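The values are calculated or read from the model by the stated rules, or taken from the named source; none is laboratory data. Since the model is a prediction, treat every value here as computed from it, not as a measurement. Every residue, glycine among them, receives a Cβ derived from its backbone with ideal geometry; neighbour counts consider all protein chains shown. Note: areas computed on protein heavy atoms with side chains; ligands, DNA, RNA excluded. Shrake-Rupley method; radii C 1.70, N 1.55, O 1.52, S 1.80 Å.
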Amino acid sequence: MTRMLGSDAILRSLEAEGVEVMFGIPGGAILPTYDAIARGTTVRHVLARHEQGAGHMAQGYARASGRVGVAIATSGPGATNLVTPIADAWMDSTPLVCITGQVYSRLIGTDAFQEIDITGITLPCVKHSWLVQDVREIPAVMKAAFHVARTGRPGPVLVDIAKDAQEAELDFHYPDEVDLPGWKPPTKVHERQVREAARAIADARQPIVYAGGGVLNGDACAELLELIESANLPSVVTLMGKSAIPDSHPLNCGMPGMHGSKFANFALNKSDLIIAVGSRFDDRVTGKVSAFAPGAKVIHFDIDAAEVGKIRSADIPVVGPLKLALTQLTSELKTMLAEKPMQTAAWHAQLDEWRGQYPYKYRKGTPGSLIKPQLVMETLRDITAGRNDVIWTTGVGQHQMWAMQYLQCDEPRSFITSGGLGTMGFGVPAAVGAKAARPDATVICVDGDGCFQMTCQELATAALERLPIVVVIVNNGWLGMVRQWQDLFYSERFAETHLTKQVPDYAQLAEALGAAGFTVDHEDDLESTLRAALEAGRTAVVDVRTDPEENCYPMIPAGAAAVDIIEMPDEEEVPS
Amino acid sequence: MSHHTVSVELENKPGALVRISQLFARRGYNIQSLAVGPTERPGISRLTLRVDCSEHTIEQIEKQMHKLVNVLRVVELLPDESVERELALITVGAPPDRRAELIALGDVFGARVADIGREALTFEIVGRPEELDAFEELVRPHGVRELARTGRIGLRRPGPRQSRAQAALT
């Protein structure tokens, strides 16, 4: 029991949780806590340039490390700027503790300066939140916040702390246990359900694993690999699941869904058994639900019971931690298969045929033509081949889908993207956070020009905090994915999607923010410039000017079925 | 679509109720009635919710509510395994020459006269929500001036299943 200020108690709590870094910006209502930072703490503070950046950095940190990310901001606008990262973390199940200052208790409810009901605003997108007005609550609330953020299905929590609670004194003791009688995430799995799942897999003729982000969150990558290898099970991997099993693995059939390959979509849709593992039948994967995988039985493994049966009913639901569930499943399955091997040879032959038939493809550029964005991805893939120290982050849009299609990720947690919320501007700050988590890694943000302009101020953070990242802008001068929808579904009426490639001058902007800037206009300079940026030894931005008319294929239109997949049109159909 | 009554035990903490109503609003579930009050345990409230939805939706509602940190228990109250009651106050137009008739009607339903004025009287009636509906229908021709209902509250029967004798009691 030590007598201290509430502000110091916040930091002692973070230290007790083993937090190594927090991302934030000070302001009026959180100033006492920043004063405590000045008094000393083992927690590194990374000063962001915008609270949204701080939040995405905490997300990037969490996604790269598997630990809880911490963001800190002041009341009012500081707190509202955190809403987008909180919502993003909610959709993508990223463990986050967001600490916000709140105005003095006596001012709450009076519309005081920078007062906003942030617990109210964030209610639909947090696992839980606390408004602390009594200094004595700080240790227990902090303990509970970290516990709720990381246990069960991970996600964001918010701790809003009134300024007077930060300024008051308490006898500090960090509790060993949490007192949350209503919080009981599953810790076990139902053995009979696992056995039934194993039997269904053993009997299946056309099984497919459908692995999602839950595999990474549940730290179950090795267990999943063991399962698919021991039963020779093919697997599709969602955008959020990318890197859970190696992209180079022969059983990895790639990503299904709107911009996934025809191969992966066929593998999922024509299967007779879907083994969903930490995936949630998102509309970007299923398209029209009633037409999705009509002949398949479903086994659904998830830590969150509410995901099982939400979109597609599960024939065999298995709720619980994936690591445990998959370990039990593999062991059951091995016993069964020892007696009677699986009859999946025809299915594997079919998959091989599709794999050969339906690769991702694009029309290569001709000498002097604009750089194809897919070539940027292929070049990045090739110059990083064989390296296990690369972490990719992306923004949202065409470049994100091309990154997903072409980049090879063989190490868990090496692909960090905004999936559920689809937050443009996620890439740069997420890269800064990933670098803070893994200083040894080479962190490359593949970004779009539209995304980059939303959060590029965080380059200053990267430069000054010595968290060097490399940003590769696929600069087509347009809000490319929106343009693509206008092109395909709005009769080529390109309303308000043109940004221009020249303004801003990205290389100059990078230099102004303390980074190295490069510009590439020609295919011939692409590889050498990318290599130069990777070897710059500091934060670098490569502005790659690409063909604006390139669309991302294949594409299943929203609400359509996999059979309605649009492939790259023939040459003559390409709009000029 | 069918009717469902859900009983929720929750910690009596600031914002606990709003988290539940927010969940319903956000996921597009429509609450028909909601009643909340203390339970036998200090610090724990019981919430009785009436929802019109499909079986699939009620399952989702229960699962989503289970994830709320302040929610301790969620059970669906099935009609033959639970007791449900509601209180209504109904002010009905009652000129002196109609009073006796109305009071007699109330007697049949066990409705008590809570207040009486020159041209109106207020009934209080406690019963199964369906009984309240029936009473409301019957007094409607007399002119209902104001009506307030608490929304149903319910408990599971202490026994595992309802016997015929219990059914007769309700």
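I'd like the full set of residues that are assigned to a helix (DSSP H, G or I) and within 10 Å of the chain's Cα centre (by Cα), limited to the stretch A:406-437. Walk me through it before giving the result.
Initial filter on the stretch A:406-437 (assigned to a helix (DSSP H, G or I)): A:406, A:427-437.
The answer is A:Gly427, A:Ala430.
Counting just the residues of the stretch A:127-136 that are more than 10 Å from every other protein chain (Cβ to nearest Cβ) and surrounded by 19 or more Cβ atoms within 10 Å (Cβ to Cβ), which one comes out farthest from A:Thr2 (Cα to Cα)?
So, considering only residues that are more than 10 Å from every other protein chain (Cβ to nearest Cβ) and surrounded by 19 or more Cβ atoms within 10 Å (Cβ to Cβ), the one farthest from A:Thr2 (Cα to Cα) is A:Val132.
The selection criterion, being touching a Phe, Trp or Tyr at 6+ places or on another chain (Cβ under 7 Å), more than 14 Å from every other protein chain (Cβ to nearest Cβ) and open to solvent by less than 50 Å² (accessible area, probe 1.4 Å), holds for B:Val51. Within the stretch B:110-155, how many residues are touching a helix residue (DSSP H, G or I) at 6+ places or on another chain (Cβ under 6 Å), in contact (Cβ under 8 Å) with a residue 40 or more places away in the chain and not in a helix (DSSP H, G or I)? Selection size over the stretch B:110-155: 1. Please find, among A:Ala314, A:Ala306, the residue that is within 14 Å of chain B (Cβ to nearest Cβ), open to solvent by less than 60 Å² (accessible area, probe 1.4 Å) and out of contact with any helix residue (DSSP H, G or I) (no Cβ under 9 Å at 6 or more places or on another chain). It is A:Ala314.
Would you mention how many residues in the stretch A:214-246 are touching a Cys at 6+ places or on another chain (Cβ under 7 Å) and of a type outside the set (S, T, N, Q)?
Residues of the stretch A:214-246 touching a Cys at 6+ places or on another chain (Cβ under 7 Å): A:215, A:234-236, A:242-245.
Narrowing further to those that are of a type outside the set (S, T, N, Q): A:215, A:234, A:236, A:242, A:244-245.
Total satisfying the criteria: 6.
Pull up the stretch B:54-82, narrow it to residues that are out of contact with any Asp or Glu (no Cβ under 8 Å at 6 or more places or on another chain), open to solvent by 50 Å² or more (accessible area, probe 1.4 Å) and closer than 20 Å to B:Leu155 by Cβ, then point me to the one that is nearest to the other protein chains (Cβ to nearest Cβ). Taking the candidates together, the pick is B:His66. In the stretch A:1-91, counting only strands (runs of 3 or more DSSP E) that sit wholly within it, the ones holding 3 or more residues that are open to solvent by 10 Å² or more (accessible area, probe 1.4 Å) and more than 27 Å from A:Asn217 (Cβ to Cβ) span A:2-5. Testing B:Arg41 on (1) within 14 Å of chain A (Cβ to nearest Cβ); (2) without any contact (Cβ under 8 Å) to a residue 60 or more places away in the chain; (3) open to solvent by less than 100 Å² (accessible area, probe 1.4 Å), one condition comes back false. Which one is that? Evaluating B:Arg41 over (1) within 14 Å of chain A (Cβ to nearest Cβ); (2) without any contact (Cβ under 8 Å) to a residue 60 or more places away in the chain; (3) open to solvent by less than 100 Å² (accessible area, probe 1.4 Å) leaves (3) as the failure. Residue-level check: of (1) open to solvent by 30 Å² or more (accessible area, probe 1.4 Å); (2) over 18 Å from B:Lys13 (Cβ atoms); (3) more than 11 Å from chain A (Cβ to nearest Cβ); (4) touching a residue at least 24 places away in the same chain (Cβ under 8 Å), B:Glu86 misses just (1).
I'd like to verify a number: residues in the stretch B:1-36 that are more than 12 Å from chain A (Cβ to nearest Cβ) and outside any loop (DSSP other than H, G, I, E, B), how many? Residues that pass the stated criteria total 12. Screening A:Ser331 against (1) within 16 Å of A:Glu196 (Cα to Cα); (2) at pLDDT below 95; (3) of a type in the set (Gly, Ala, Ser) leaves a single unmet condition, (2).
Go through the residues of the stretch A:218-231 one by one and say whether even a single one is over 27 Å from the mean Cα position of the chain (by Cα), closer than 22 Å to A:Glu339 by Cα and touching a residue at least 60 places away in the same chain (Cβ under 8 Å). Lay out the reasoning, then the answer.
Let us first name the residues in the stretch A:218-231 that are over 27 Å from the mean Cα position of the chain (by Cα), namely A:230-231.
Going one step further and asking which of them are closer than 22 Å to A:Glu339 by Cα, we end up with A:230-231.
With the extra rule that they be touching a residue at least 60 places away in the same chain (Cβ under 8 Å), the set shrinks to A:230-231.
Yes; the residues of the stretch A:218-231 include at least one that is over 27 Å from the mean Cα position of the chain (by Cα), closer than 22 Å to A:Glu339 by Cα and touching a residue at least 60 places away in the same chain (Cβ under 8 Å).
Could you list, in sequence order, all residues of the stretch B:20-36 that are open to solvent by 30 Å² or more (accessible area, probe 1.4 Å) and either farther than 18 Å from A:Asp117 by Cα or of a type in the set (Lys, Arg) (or both)?
Answer for the stretch B:20-36, where residues must be open to solvent by 30 Å² or more (accessible area, probe 1.4 Å) and either farther than 18 Å from A:Asp117 by Cα or of a type in the set (Lys, Arg) (or both): B:Ala25, B:Arg26, B:Arg27, B:Gly28, B:Tyr29, B:Asn30, B:Ile31, B:Gln32, B:Leu34, B:Val36.
Scanning the stretch A:522-534 for residues that are under 17 Å from A:Ala431 (Cα atoms) and not in a helix (DSSP H, G or I) turns up nothing. As for the stretch A:113-126, it holds no residue that is part of a loop (DSSP other than H, G, I, E, B), open to solvent by less than 10 Å² (accessible area, probe 1.4 Å) and away from chain B (no Cβ under 14 Å).
Anything in the stretch A:538-553 that is part of a loop (DSSP other than H, G, I, E, B) and among the charged types (D, E, K, R)? List them, or say none. Give the derivation first.
Within the stretch A:538-553, the subset part of a loop (DSSP other than H, G, I, E, B) is A:538-539, A:547-553.
The answer is A:Arg538, A:Asp547, A:Glu549, A:Glu550.
The helices (runs of 4 or more DSSP H) falling completely within the stretch A:438-521 that include 3 or more residues that are open to solvent by 40 Å² or more (accessible area, probe 1.4 Å) map to A:480-489, A:506-512.
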